[in-house]
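The values are calculated or read from the model by the stated rules, or taken from the named source; none is laboratory data. Keep in mind that this is a model prediction, so the values were computed, not measured. Positions of Cβ are generated from backbone atoms using ideal geometry, with glycine treated the same way; all protein chains shown enter the neighbour counts. When the accessible area is computed, the model is the full protein with side chains, heavy atoms only, and any ligands, DNA or RNA have been set aside. Shrake-Rupley method; radii C 1.70, N 1.55, O 1.52, S 1.80 Å.
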Amino acid sequence: KHVATGEDLELLIEAVISDEYSLMTQSIRSVLNLTLYLNLYVDACGRGSDLAYGGPSVAEKPNHCLCWNHCRFFVVNTYDGDRVIAANIAIKYSKGQRRKDLEKIVSLRLLPSKMAAYDSLRLLVTLGLVDGVFGKGATWESLLAINPGAHSREIVQSAAFIETPVFRSHRQQPLLSGKLGESIVRLGRLVGFEHSATAYTLRRGYSNMLNVKASIEDRKLNTNDDIIAATSDALDWVERLEHEEESAENLGDYETITAGDSWSHKTRIEASDSPDLDLSAADKTVQTPLDSHTTDAIQLSEASNANAALRLHGINDGSARPKNMTITRVRDVMSSGGLPDATLSQIMVEVFSATHNPGKYIPGEEPLLGTSICRFSGLDLSSDTHSPETVHRAHLKVLQRSPNDLFNSHLLPLDTPCTYYSQGPTKKKSPKLCGYYTINTRYQQIQHVAGHVLRGNRLGHESGYIPDGEWHCFYEGCAVLTTIPSTKRGVVAKVLLSTTSVFLSKRVFLRHVYQVHRLSALAIESVVWCGICERFLEWDQFAAGTDEHFEMHWDEVWKLVADHGYTGQFDNGRRTIPSFCPFCLYDESLSPTERISTSMNFIDRSGFSKHIGMHLDNIDSGPIHGCPCFPKTCLHQGKMTPAELDVHLSEVHGIHRYPSSRADRNGNTKNGKILSEKPVNIQARPSKKHKWPQAPTHTMSAVDQ
């Protein structure tokens, strides 16, 4: 029979607190339950149904397993005057225990914080604090504040948890030992064990090791409070991680389930274990006749390979993992060591109190501890399919409140007369001051300023009055009035308009108008989200801070595009990889914020494909367009029609536009006209419900004859 070793337990626990396994669970509580179950299973050296409910075929009642009233927790004075937490757990209803008064006592002591993932006592206390076993709001620090007296004092538990199973789901239902055993087998497959990692392999391995390690004096220990007093000395041989090599030598006669040097994510298959496996089958070629379907498949495969040859980047296969997962936080603090027990416990309780998947929400946007209530809007997220998007939208709404107030208070009052000087692109008239003041809303004020600032400069570019690439400010204080003789009459003076404020960037120009003249030609900018840092940036209208921030991310942007393409990835309800619009990304006339963060700030899943459709709809028809990804990530340098570009982006780069509406397909919109340019063989088949007009019957007349 297969026997587990200390290395096997380490690999299993390393796997259960990994990102890969955590993403498979419905709730992060499952991680805590399984980690505690593995450690207690070894410490108790019993059977699975001793700890978790064995089901109606094994136990009479759901509480015929380890319950909270079977666990006695103590605050103990140590020899150096410090206080520690210890525990005795009574294993009842084991195999062979026919009487209810029979029990087996297992003593638990605290291990160093660096071994928190292998510490049954620390994990058990964490689960008790999460469930409120020691009272609402109890913490590790408050438990240690209990006066132990001369030696020790028991920690009182809440009466509501009498006969309540320790191992329960996030819905507070008893966990079945069979389900936990299946989870251990699944962990073994994730690690890559050669043999099935059943719970009994752990029991066999550690019962043999305890049999080797335990002395005669250890076996004579009474199962009472004397165990608590002997905590520091009598259980030194239970140090699992210190004796890996020695335990492996003692178990050398047993066949182990140990994997290789480093665990992989795929189950290994050994040829020696599978004598019936024909390894030469891969070299054999099966001759099959080629029919029309096979030919079509080969042609499609060749076309797919040809399209892939044009691509210089990968397309995300869904294997990416969320960054900054909550399980990563607790794993880092447990493995680092050095934290005080109270601080480590506070982090563990905060993480494991969540009732959701550890990779579902962006850190900082998780629901309130132990609930499914949104911390920003107060909504119940339990029935929301896309709850991470709902929370992210609520977070943005909360952050946008302060900028709205700052924006409105910064702009000039609505009744302030306009101080813009206008002359016109032909310079036939002397410039005049606008002086308009009949403005009732902030929207009207922004529209009025946009007419001067944006439209005026655009007309100046078209007429040549303002050089291309320059933006001129003609507000009072920037405009300069110059008098020169008129060339027509020779005697009438004419006033020309010039400016001392010339800008080489549109965004810098808008920032000048906003900061100096306290006006805005555009509505308030939204708080910008950085998908690389996974945080909202500080708001400042037309500020350079966001540009400076994204300027630092160019290396990460090109690496993300090369590894995962442009479309990013939605995983567990949130975007785990940011998306990038190739039209915006390679447009050097835009600012770094507009080039990088445009598609990052789409909250809805369809926002990116709609944005791509907007670009395709706004381009003119005709074979004058190249792939926006060329030459950075594409080898196709020819010109294409909008329809061909749409197909190219979809098949080569995996960039799909949003599905068109029925009006688009009927050709009633510009999008429909673009779709109508596609070849017939790639158009959708007409609906059966569509009634095509019948050709009129024609009777040959005498004239026709």
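Descriptive notes on the structure:
- Cα gyration tensor shape of the stretch 409-488, rounded if a/c is under 1.5, else prolate or oblate by comparing a/b with b/c: prolate
- Split the accessible area of the stretch 1-103 by element, probe 1.4 Å, and carbon with sulfur accounts for 45%.
- Protection proxy ranking, highest mean first, for peptides 310-319, 388-397: 388-397, 310-319, where packing is the per-residue count of other beta-carbon atoms within 10 Å, averaged.
- Taking a ≥ b ≥ c as the square roots of the eigenvalues of the alpha carbon gyration tensor, the stretch 554-664 is oblate, as a/c is not under 1.5 and a/b does not beat b/c.
- Highest to lowest packing among 527-534, 585-592, scored as the average C-beta count within 10 Å: 527-534, 585-592
- Surface exposure of the stretch 378-447, expressed per residue as accessible area with a 1.4 Å probe, stands at 63 Å².
- Out-of-range pairs (alpha-carbon distance over 20 Å; input Lys92/Lys114; Lys61/Lys92; Lys559/Lys632; Lys323/Lys559): Lys92/Lys114
- For the stretch 70-109, the solvent-accessible area of protein heavy atoms averages 55 Å² per residue (probe radius 1.4 Å; ligands and nucleic acids excluded).
- The stretch 136-205 - percent of accessible surface contributed by carbon and sulfur, probe 1.4 Å: 53 percent
- Rounded accessible area per residue of the stretch 117-180, 1.4 Å, Å²: 46 Å²
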